[in-house]
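We did not get these values from a lab; they are worked out from the coordinates using the rules stated. Not measured: the values here are computed from a predicted model. Neighbour counts run over all protein chains shown; Cβ positions are idealised from the backbone, glycine included.
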Amino acid sequence: MKFININHCWGTLIIEELSRLGVDYFCVASGSRSSPLVIALAQNKKIRSIVHFDERGLGFHAMGYSAAAKKPAVLICTSGTAAANFFPAVIEASKKKIPLIVITADRPPELRQTGAVQTIDQVGLFGKYTQWATDMPCPDTKINPKYVLTTIDQAWYQAVRNHGVVHINCMFRQPLTLVTTTDDLKSYAKHLSPWFKSQKPYTEYVTGFESVALPAPKKISARLNAVKNGVIVVGKIAGADEAQLVLHLSEKLGWPIFADVASGLRLGHKHPNLIHYFDHLILSDKILNKLSFDGVLHFGGRMTSQRYYDLVQKLSPPEYIMVINHALRNDPNHQVSLRVESTVANFIQTVIGLIKPRKSSGALKLLSKANKDADKAIESFFTRDERINEPRVARLVSQLIPQGQGLFLSNSMPIRDMANYADFKGNVVNVNGNRGASGIDGIIASASGYARGLGQPVTLMIGDLAALHDLNSLSMLRDLSAPLIIVVLNNGGGGIFSFLPIAEFKEGFEKFWGTPHPYTLAAAASMFELNYCQPMDDGGFKKAYTQALKSQTSTIIEVITNREENLKIHHDKFLRTRL
Ligand SMILES: Cc1ncc(C[n+]2csc(CCOP(=O)(O)OP(=O)(O)O)c2C)c(N)n1
Ligand SMILES: [Mg+2]
């Protein structure tokens with residue numbers, strides 16, 4: 001390693017150390033102040049990177065990558081509002097407990113609070129949404145270079161160990177480029193000779209956390225054994241192995257499973273204990289009148305269904321056990337009576353031997369029959385006519401999406417329609433969405449990062465407003481090796497609001513909530529050189545989607561629907577009376 005000046009030295013140490021820690025994806029927005037970091041990045045041949053002009057979209061892209069790759073990506077930007085544009089993605093990552101390393105370049109102390117150009121107060125900018133933050137001084141030969149390495153190691157460990165966002169604010173003084181100075185960098189680098197040779201990070205962190213035995217397994221299993229008629233509820237969990245363990249435990253307990261659409265169990269699993277259509281079923285008085293639980297065992301993240309939370313609040317079971325691998329509360333109803341901080345796998349493996357096997361509970365019998373009936377009713381609901389509509393598109397995608405690919409669900413109706421109408425007899429896919437803060441911002445960017453991290457094609461289901469919100473993230477699709485298929489459900493505004501009581505406020509509803517607009521995405525597809533089609537019916541959609549799956553280029557499939565019609569379809573009596 002040859003250092004041209006002290007800025008170049010520190011930039012190189014930061015980037016090389018991150019690379020040695022296993023970070024392999026750097027997301028960069030251009031700017032001048034960050035040049036020492038970006039020069040080092042450009043010179044490091046081991047590293048993959050993406051460059052995007054919009055820090056807001058780039059932030060979401062990095063977060064999507066981290067979620068899929070299950071390791072942190074690095075974000076780099078210049079000083080000023082560039083840094084502030086990372087904020088929405090930082091919030092989403094922090095709420096979803098996704099590791100992310102944010103590096104913002106900053107001006108030196110003598111330019112802070114002076115009115116100097118492109119200078120804002122960046123110290124602790126992301127506040128409580130960061131797991132850990134530091135303000136690095138300007139590179140200086142008087143500071144031991146090991147400080148740089150151990151700071152990076154600590155930042156990485158804080159992000160990985162605590163599944164959180166870390167922020168490294170890096171001040172740089174001129175010269176920002178490869179200009180030689182009088183600094184004696186040869187003597188300075190001597191501090192680092194073992195590090196140069198080792199190819200390892202300077203500080204190696206070892207954690208015993210993941211393998212720590214669950215305390216008091218007998219007490220925990222005794223509480224589970226005391227629940228007579230329970231339900232298992234599954235939000236986002238780690239993956240296929242944990243999903244299998246959950247199924248196994250439910251067999252032993254004889255309890256039904258309410259699997260969230262992002263749990264990995266909703267699509268592609270036919271296990272009879274899975275109540276795929278629970279969100280529909282808990283609408284039905286026929287079911288509700290007979291349904292009761294005296295306990296909930298909740299694995300993973302929060303549920304998408306508000307109806308689930310309303311139901312469990314009403315039933316008010318005396319025991320609500322929640323198992324998730326972090327310490328956040330995740331309990332909007334204030335019902336959790338036992339909170340276990342553990343991976344789902346560790347929990348189940350520890351308690352399963354202590355669980356008394358049971359016969360199927362009354363609730364399981366009731367719900368599994370109703371689930372089968374609901375599947376038939378939904379199928380016949382869709383075979384009544386060929387017209388395209390939003391729930392039908394969700395069902396078609398769930399039937400056609402290939403095994404192992406990604407499915408990213410935008411907030412608003414797309415995630416709800418997939419939860420309610422997806423066929424469970426299709427393939428097992430990797431489902432994700434931004435349910436941390438449930439924003440409609442950065443969805444295209446997040447899905448593009450998810451595709452990058454997964455290394456697999458991803459289908460994104462998105463509403464028109466969310467798509468318009470994130471249009472310039474379409475430019476990141478050029479960099480994907482596996483394409484993104486964007487299914488835009490264009491109902492000319494915010495369809496979800498028609499389902500809310502505010503829809504009765506006729507005076508201003510359409511303008512202020514409906515947010516009507518006349519746009520389609522045809523011109524945007526052409527601008528960003530993407531395939532585009534606008535199918536008109538069931539057959540057209542199937543053809544367009546199948547073709548998009550074969551293409552190497554990302555595609556926008558735009559389905560034009562109507563908000564009033566959409567409301568009627570969701571409230572259609574045919575389905576309601578058959579559940
Ligand atoms: C960043 C952000 N702004 C506003 C909202 C409030 N919001 C929730 S859904 C929605 C409308 C979304 O419209 P669209 O993407 O077209 O989906 P649709 O409701 O039509 O299914 C809005 C504005 C939000 N969740 N996030
Ligand atoms: Mg819409």
### Query
Which one is farthest from the chain's Cα centre (by Cα) among residues in the stretch 230-252 that are more than 17 Å from ALA68 (Cα to Cα) and among the charged types (D, E, K, R)?
LYS252
### Task
Of the conditions (1) buried (at least 16 other Cβ atoms within 10 Å of the Cβ); (2) closer than 30 Å to GLN534 by Cβ; (3) not charged (D, E, K, R), ALA374 clears all except one; give me its number.
(2)
#### Entry: All positions within the stretch 49-67 that are of a type in the set (Gly, Ala, Ser) and buried (at least 24 other Cβ atoms within 10 Å of the Cβ)
GLY57, GLY59, ALA62, GLY64, SER66, ALA67
### Task
Quickly run through the stretch 499-513 and pick out the residues that are within 14 Å of ligand 2 (Cβ to nearest atom) and under 20 Å from ASP441 (Cα atoms).
TRP513
### Task
Sort out which residues of the stretch 524-579 are within 16 Å of ligand 1 (Cβ to nearest atom) and either assigned to a helix (DSSP H, G or I) or exposed (fewer than 15 other Cβ atoms within 10 Å of the Cβ) (or both), and write them in order of number.
ALA524, ARG563, GLU564, GLU565, ASN566, LEU567, LYS568, ILE569, HIS570, HIS571
### Residue among VAL23, VAL102, VAL74, VAL38 that is aliphatic (A, V, I, L, M) and either in a helix (DSSP H, G or I) or surrounded by fewer than 21 Cβ atoms within 10 Å (Cβ to Cβ) (or both)
VAL38
## Note on the structure
Among the residues of the stretch 421-465, the number that are more than 9 Å from ligand 1 (Cβ to nearest atom), of a type in the set (A, V, I, L, M) and surrounded by 21 or more Cβ atoms within 10 Å (Cβ to Cβ) is 11
#### Entry: SER410 surrounded by 24 or more Cβ atoms within 10 Å (Cβ to Cβ), in contact with a Leu (Cβ under 8 Å, 6 or more places away or on another chain) and in contact (Cβ under 8 Å) with a residue 12 or more places away in the chain
yes
### Message
Being on the phi < 0 side of the Ramachandran plot, within 15 Å of ligand 2 (Cβ to nearest atom) and out of contact with any helix residue (DSSP H, G or I) (no Cβ under 8 Å at 6 or more places or on another chain): is that true of LEU460 here?
### Response
no
## Note on the structure
Only unsatisfied item for LEU480, checking (1) within 12 Å of ligand 1 (Cβ to nearest atom); (2) in contact (Cβ under 8 Å) with a residue 40 or more places away in the chain; (3) crowded, with 16+ Cβ neighbours inside 10 Å, is (1)
### Task
Any residue in the stretch 507-524 that's touching a residue at least 12 places away in the same chain (Cβ under 8 Å): show its pairings with residues that are surrounded by fewer than 14 Cβ atoms within 10 Å (Cβ to Cβ) and of a type in the set (A, V, I, L, M) at Cβ separation under 6 Å, as long as the two are six or more apart or on different chains.
TRP513/ILE502
### Message
Which residue is surrounded by the most Cβ atoms within 10 Å (Cβ to Cβ), if the candidates are limited to the stretch 121-151 and must be part of a strand (DSSP E or B) and in contact with a Ser or Thr (Cβ under 7 Å, 6 or more places away or on another chain)?
### Response
MET136
## Note on the structure
Restricting attention to the stretch 152-186, the residues that are in a helix (DSSP H, G or I) and closer than 21 Å to SER66 by Cα number exactly 10
### Task
Hey, can you tell me all the residues within the stretch 471-498 that are within 13 Å of ALA524 (Cβ to Cβ) and either within 12 Å of ligand 2 (Cβ to nearest atom) or touching a Cys at 6+ places or on another chain (Cβ under 9 Å) (or both)?
VAL488, ASN490
